[in-house]
Amino acid sequence: MAQHRYLLPEERIPDRWYNIAADLPTPMPPPLAPDGSPLQPEMMTAIFPMELIGQEVSQERWIAIPDPVREIYALWRPTPLYRAVQWERALGTDCRIFYKYEGVSPAGSHKPNTSVPQAYYNAQAGVTRLATETGAGQWGSSLALACSMFGLECKVYMVRVSYDSKPYRRVMMETWGSTCVPSPSPETNAGRAILERDPESTGSLGIAISEAVEDAATREDTNYALGSVLNHVLLHQTVVGQEAVEQMRMAGAEPDVIVGCVGGGSNFAGLAFPFLAEKFAGRDMRIVAVEPAACPTLTRGHYGYDFGDVAGTTPLLPMHTLGHGFVPPAIHSGGLRYHGMAPLVSHLVHTGQVEAHAYPQRECFEAALGFARAEGIIPAPEPTHAIRQVVAEVERAREEGAARTILFNLCGHGNFDMAAYESYLSGRMVDLELAQEELDRAAAEVAGMPAVG
Ligand SMILES: *Cc1c(COP(=O)(O)O)cnc(C)c1O
């Protein structure tokens, strides 16, 4: 009988995170203060605890995971690695396809891997309330979960279009004791300014971040938490890849290709970074980041410094960007609709260590249906992009007469995303390509920013 599932015992939950900054062949450009001057870590203490600021700038290769965090990880970690035996048969391929499944967390995605340590370090620092933004609701629900476990209050600014179309994610947050309001909201200066100009605004992650940062910066008891993009978030996600390295060893397989979808870059980094360490050491493998054609940050965006939010209150980050004023079209992959990209992922794409591809959403759902009918798990809309790329890799291997080993991150399940599947199945889903004028607008927006390197 073919083996489908590779499980690690509980004591194999990683006891440290892997910090790729220690191993980069070329160093990262630094973040800058909003006025372009060097960023001092102290400038971040209004919204982040010192432990997380230290991790953000750390050059140490390994950072110990605190025991209380590992204890909560043990509720769902180590997560399973599957070999997609049934899907391989359905595709008629000689390639071996493996996937790491992060949908077994209570929130249904990889995000609690970082929400739990973030809540923990804030609680340790005496903070009693966290403010954050959420797009599709996965981050908001993951932070709500973590805050309930460490006794913190939590306020979530949810992008209006998702607040209206995904009510169950909001109910999840409320079930875990958090408060969730649609963004733009009348509760912050940033939100009021947007609503004055456009009362019908459907919101964006950039707007919601401005609101949450303002909330945290103006309240003594409150810090801010971000679910992707920043170095410390990607760091926390490396538990995924560390487990996968061991599980691939159990399976007697070495990946030739590693695939992950990218919104801000955290699930991709979590799986890929521990393998990238092997690539830096000389092992031949391709590492592929996949994004929606409607929000093509890596494949069509500008690489340079930009703000993380629409109001221009965050530090300037060196990243691929569609401009901080970007309001993405309302595609179903809410988690992939951010204007920027993790500086670490941008840097790796810029230096040729990582490839990037983009696909329109219908062919992603088509591929996901094939996957779901063979493997059973219904993927979240975001990882359907990774699944689409795996299909492309299978076709490429067939053309080249090679059988490859492919590993991808199935970073969440889609059980709250039936509206997206409904839209695909009923034929109402449309593909949106980003217009060149949007890209030109973005280029003009970042024209005055400092260049990278
Ligand atoms: C948030 C989310 C994403 C996008 O964020 P990344 O930081 O790029 O991982 C992708 N998939 C799922 C399931 C998410 O919840």
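The values are calculated or read from the model by the stated rules, or taken from the named source; none is laboratory data. No experiment lies behind these values; they were computed from the predicted model shown. Heads up, the Cβs are rebuilt from the backbone with ideal geometry, glycines too, and the neighbour counts pull from every protein chain shown. Heads up: the accessible areas ignore ligands, DNA and RNA and are worked out on the full protein's heavy atoms, side chains in. Shrake-Rupley method; radii C 1.70, N 1.55, O 1.52, S 1.80 Å.
What about residue 94, is it acidic (Asp, Glu), under 30 Å from residue 253 (Cα atoms) and more than 16 Å from the ligand (Cβ to nearest atom)? Criteria met by residue 94.
Report whether or not residue 246 is in contact (Cβ under 8 Å) with a residue 24 or more places away in the chain and of a type outside the set (Ser, Thr, Tyr). I'd like the intermediate steps shown before the answer.
Working: in contact (Cβ under 8 Å) with a residue 24 or more places away in the chain: yes; of a type outside the set (Ser, Thr, Tyr): yes.
Yes: the conditions hold for residue 246.
Is segment 353-364 home to any residue that is within 21 Å of residue 83 (Cβ to Cβ), touching an Asp or Glu at 6+ places or on another chain (Cβ under 8 Å) and either of a type outside the set (Val, Ile, Thr) or free of Cβ contacts under 8 Å to residues at least 60 places away in the same chain (or both)? No.
Identify all residues within segment 181-205 that are among the β-branched types (Val, Ile, Thr) and either in contact with a Leu (Cβ under 8 Å, 6 or more places away or on another chain) or outside any loop (DSSP other than H, G, I, E, B) (or both); write none if there are none.
Of segment 181-205, the ones among the β-branched types (Val, Ile, Thr) are 181, 188, 194, 202.
Of everything in segment 181-205, those that are among the β-branched types (Val, Ile, Thr) and either in contact with a Leu (Cβ under 8 Å, 6 or more places away or on another chain) or outside any loop (DSSP other than H, G, I, E, B) (or both) turn out to be 181, 194.
Name every residue in segment 58-78 that is open to solvent by 60 Å² or more (accessible area, probe 1.4 Å) and among the aromatic types (Phe, Trp, Tyr), in order of residue number. Scanning segment 58-78 gives a single hit, 62.
Evaluation of residue 7 against the conditions (1) of a type outside the set (Gly, Ala, Ser); (2) in contact with an Asp or Glu (Cβ under 8 Å, 6 or more places away or on another chain); (3) under 30 Å from residue 388 (Cβ atoms) shows that the sole unmet condition is (2). Mind checking which residues of segment 114-137 are on the phi > 0 side of the Ramachandran plot and within 15 Å of the ligand (Cβ to nearest atom)? Passing the criteria: only 137.
So which of 408, 416 ends up being within 16 Å of the ligand (Cβ to nearest atom), open to solvent by 70 Å² or more (accessible area, probe 1.4 Å) and either in contact with a strand residue (DSSP E or B) (Cβ under 9 Å, 6 or more places away or on another chain) or within 26 Å of residue 266 (Cα to Cα) (or both)? Full working, then the answer.
Numbers: 408 fails: open to solvent by 70 Å² or more (accessible area, probe 1.4 Å).
Going through 408, 416 in turn, the sole match is 416.
So if I check each of 372, 358, 380, which one is hydrophobic (A, V, I, L, M, F, W, C), surrounded by fewer than 24 Cβ atoms within 10 Å (Cβ to Cβ) and closer than 15 Å to residue 268 by Cβ?
Values: 372 fails: closer than 15 Å to residue 268 by Cβ; 380 fails: surrounded by fewer than 24 Cβ atoms within 10 Å (Cβ to Cβ).
Selected residue: 358, the only one of 372, 358, 380 that is hydrophobic (A, V, I, L, M, F, W, C), surrounded by fewer than 24 Cβ atoms within 10 Å (Cβ to Cβ) and closer than 15 Å to residue 268 by Cβ.
Within segment 1-51, being within 27 Å of residue 105 (Cβ to Cβ) and among the polar types (S, T, N, Q) holds for 3, 19. Look at (1) under 23 Å from residue 34 (Cβ atoms); (2) within 16 Å of the ligand (Cβ to nearest atom); (3) not acidic (Asp, Glu) and you find that residue 289 fails only one, number (1). What are the residues in segment 3-33 that are over 23 Å from residue 102 (Cβ atoms) and open to solvent by 30 Å² or more (accessible area, probe 1.4 Å), if any? If the condition is that a residue be over 23 Å from residue 102 (Cβ atoms) and open to solvent by 30 Å² or more (accessible area, probe 1.4 Å), then 22, 23, 25, 26, 27, 28, 30, 31 are the ones that fit. Of the candidates 314, 321, 384, the single residue that is more than 27 Å from residue 255 (Cα to Cα) and within 15 Å of the ligand (Cβ to nearest atom) is 321. For segment 19-78, a residue qualifies if it is outside any helix (DSSP H, G or I), hydroxyl-bearing (Ser, Thr, Tyr) and under 21 Å from the mean Cα position of the chain (by Cα), and exactly one does: 58. The C-beta contact set for segment 34-57 (first residue open to solvent by 90 Å² or more (accessible area, probe 1.4 Å), second residue aromatic (Phe, Trp, Tyr), distance under 6 angstrom, 6+ apart or interchain) comprises 51/121.
The rows are residues; the columns are (1) more than 16 Å from residue 207 (Cα to Cα); (2) part of a loop (DSSP other than H, G, I, E, B); (3) open to solvent by less than 10 Å² (accessible area, probe 1.4 Å).
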position	(1), (2), (3)
290	yes, no, yes
318	yes, no, yes
323	no, yes, yes
329	no, yes, no
332	yes, yes, no
339	no, yes, yes
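Scanning segment 294-326 for residues that are touching an Asp or Glu at 6+ places or on another chain (Cβ under 8 Å) and at positive phi yields one hit, 323.
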